[in-house]
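First comes the structure, then the notes that go with it.
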Amino acid sequence: MATLQVELVAVERTIWSGEASMVIARTTEGELGVLPGHAPMLGQLADGGVVTIRTAEGEDLVVAAHGGFLSVSKQGVSILAETAEIAGEIDVERAREALRRAEAESGDDPEALAAARRASSRLRAAGQDA
Amino acid sequence: MAGNLRALRRRIRSTKSTKKIFSAQELIAGARIVRAQARVEASKPYAREITRVLSALASSASLDHSLLTERKNPRRAAVLVITSDRGFAGSYNVNVLRRTEELLSLLRQEGKEPVLYVVGRKGETYYRFRDRAMAETFTGFSEQPSYPDAQAVGRALIDVFTAGEDDDGSDGAGADGVLGVDELHIVYTEFRSLLSQVPVAKRMAPLEVEEVEEFDYEREDRESGTAAGSADSGVPTSYEFEPSAEALLDALLPKYVTTRIYAAMLEAAASESASRRRAMKSASDNAEELAKSLARQANQIRQADITQEISEIVGGSDALVSANADD
């Protein structure tokens, strides 16, 4: 079976790289699934989005990615994010706390709104409802 | 004589204890270099990918973004200087600041008014002492910069650059009422090796198109390196864009600038530690040498004291003997 070479890189380090059978992401235009042989594409990930990488072994890797881009080329898929966290590494309690705090002080402050979106995407990636 | 000896012993003790501080600093700096270098390495995949995306975008979209186009009549230029928060780093800060002065006078010659943005407490004190205006300062993270730190700096610079877009040729602030800048420069210390760190000045914006082409080579190198057998690597791939190429460029370029600031900060942090380790090494060597020569002096004085004491005793007993003989 054909696979995609996927690289998930955050600014400070490479989070994950390996073979995958499918990548599901949400760009600013809408939900998108990438299978092997996809046409070359560049997309901007929606803020507070969740990216799912189905690995070659059939496992689903759910990642909360913020401020990112998706680039599909012949060589594979690279996901660029300012920060990214794999579901298993997310501290649900802290994310919930961050969401509460951000919502409490939000209003129209763009920083707080962004923080709220980040927190809710972390919660969704971890499989909780936000 | 004895008082002199005591003073010398005290100096030896204090030299030895400062030496301990220096060598502890040296060890800390040594450990930090390793960590800083690891962080530089860890940040490279992202820089490489974003460059790749940008060059793919640049080959497809028309390059008329404000971060890419040269302004007609540049009046003001922002200069970001990266210095350290703490001293004890030898000539590290002096070199960066000297390079900055060169850049500033060059800019003034070209008729552009420089606006200073300073990272690090040492740079801040330098300019404050000289009563020079600074637009903004950022301190507290020079040794271990994190990406949010770089974002804060990047946001400030991109904001002021965007504000400069509608400034008119004179000192007017333009439609938005904010006096912006027309160019962004950065001065930081490049980490070449453990022994050589060189202060460099680079222009960040407007980005030069040559640079984009240069990245293209990098990308091709990488592709031919990793994907052997992809015969079509010479043909530019035509990408689909989601959203439009222009919107992507809008979102991507500020991030790219921030990434470059972050990379510069990481390099500067590695250089700072390397420079500090070298300075601390020579300081502890000097302290060692000083303690040795002081110990030698102290020994000489001690021996002279003993000799004098013996000759006094001998002299005294001789006098007694001769006095007794006279009786």
Quick P(r) readout (chain B; Cα-Cα; 10 Å bins; whole %) gives 5, 19, 23, 18, 11, 7, 5, 4, 3, 2, 1, 0, 0
To the nearest 0.05, the calculated FRET efficiency linking residue A:92 and residue B:250 through their beta-carbon distance, R0 being 45 Å, is 0.85
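Using the Kirkwood radius over C-alpha pairs as Rh, can you work out the diffusion coefficient of the protein assembly as shown via Stokes-Einstein at 4 °C, viscosity 1.567 mPa s, in µm² per second?
50
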The simple spin-label model distance between residue B:193 and residue B:290, using points 7 Å out along Cα→Cβ, in nm, is 3.1
Cα-Cα pairs in the range A:4-87 separated by more than 19 Å, as a whole percent of all pairs, come to 25
Distance in Å, no decimals, from the C-alpha centre of the range B:9-28 to the one of the range A:3-29 is 51
The answer for the net charge of residues other than residue B:138 whose Cβ lies under 12 angstrom from its Cβ, with Lys and Arg +1 and Asp and Glu -1, is -2
Rounded to the nearest 5, the percent of DSSP beta bridges in the protein assembly as shown running antiparallel is 65
Dividing the helical contributions, -39500 (n - 2.57) per DSSP H run of n ≥ 4, by the residues of chain B yields a 222 nm value, nearest 500 deg cm²/dmol, of -22500 deg cm²/dmol
Sites removed, the longest contiguous part of chain A containing no DSSP-loop GluC sites (Glu not before Pro) with at most 12 other Cβ within 10 Å is A:60-130
Per residue of B:258-271, other chain Cβ atoms within 10 Å number on average 1
With 0.36 nm assigned to each residue of separation and the Cα-Cα distance removed, residue B:130 to residue B:314 gains 59.5 nm
By the Cα gyration tensor axes a ≥ b ≥ c (a/c under 1.5 gives rounded; else a/b larger than b/c gives prolate, otherwise oblate), the shape of the range B:69-171 is oblate
Expected integer from the mean partner chain Cβ neighbour count at 10 Å over A:70-78 is 5
Heavy-atom accessible area of chain B with neighbours in place, 1.4 angstrom probe: carbon+sulfur share in percent works out to 52
Rounded to a whole number, the mean other protein chain Cβ count within 10 angstrom for residues of B:48-59 is 3
DSSP beta bridges in chain B: the antiparallel percent, rounded to 5, is 35
Once residue B:200 and residue B:17 are pulled to full extension, the length gained, defined as 0.36 nm per residue separation minus their Cα-Cα distance, is 62.2 nm
Candidates B:74, B:254, B:45; GNM for chain B (alpha-carbon contacts under 10 Å) flags as most fluctuating B:45
The relative contact order of chain B, taking Cα pairs under 8 Å that sit 6 or more residues apart, comes to a percentage of 31
Under a 1.4 Å probe, counting only protein heavy atoms, residue B:326 has an accessible area in Å², nearest 10, of 130
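Just add up the charged neighbours of residue B:34: K/R +1, D/E -1, any other residue whose Cβ is under 12 Å from the Cβ of residue B:34. Before the final figure, lay out each step's value.
Working: positive: B:32, B:35, B:39, B:277; negative: B:41.
Taking every Cβ under 12 Å from that of residue B:34, the sum is +3.
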Test assert for the range B:105-153: residues whose accessible surface shrinks by at least 40 Å² between chain alone and all chains, 1.4 Å probe, equal B:147
Highest GNM mean-square fluctuation among B:287, B:268, B:201, for chain B with Cα springs under 10 Å, belongs to B:287
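The values are calculated or read from the model by the stated rules, or taken from the named source; none is laboratory data. Being a predicted model, the structure only gives us computed values, none of them experimental. Every residue, glycine as well, gets a Cβ built from its backbone with ideal geometry; the counts of neighbours run over all protein chains shown. Protein only, heavy atoms only, side chains kept; ligands, DNA and RNA dropped before computing areas. Shrake-Rupley method; radii C 1.70, N 1.55, O 1.52, S 1.80 Å.
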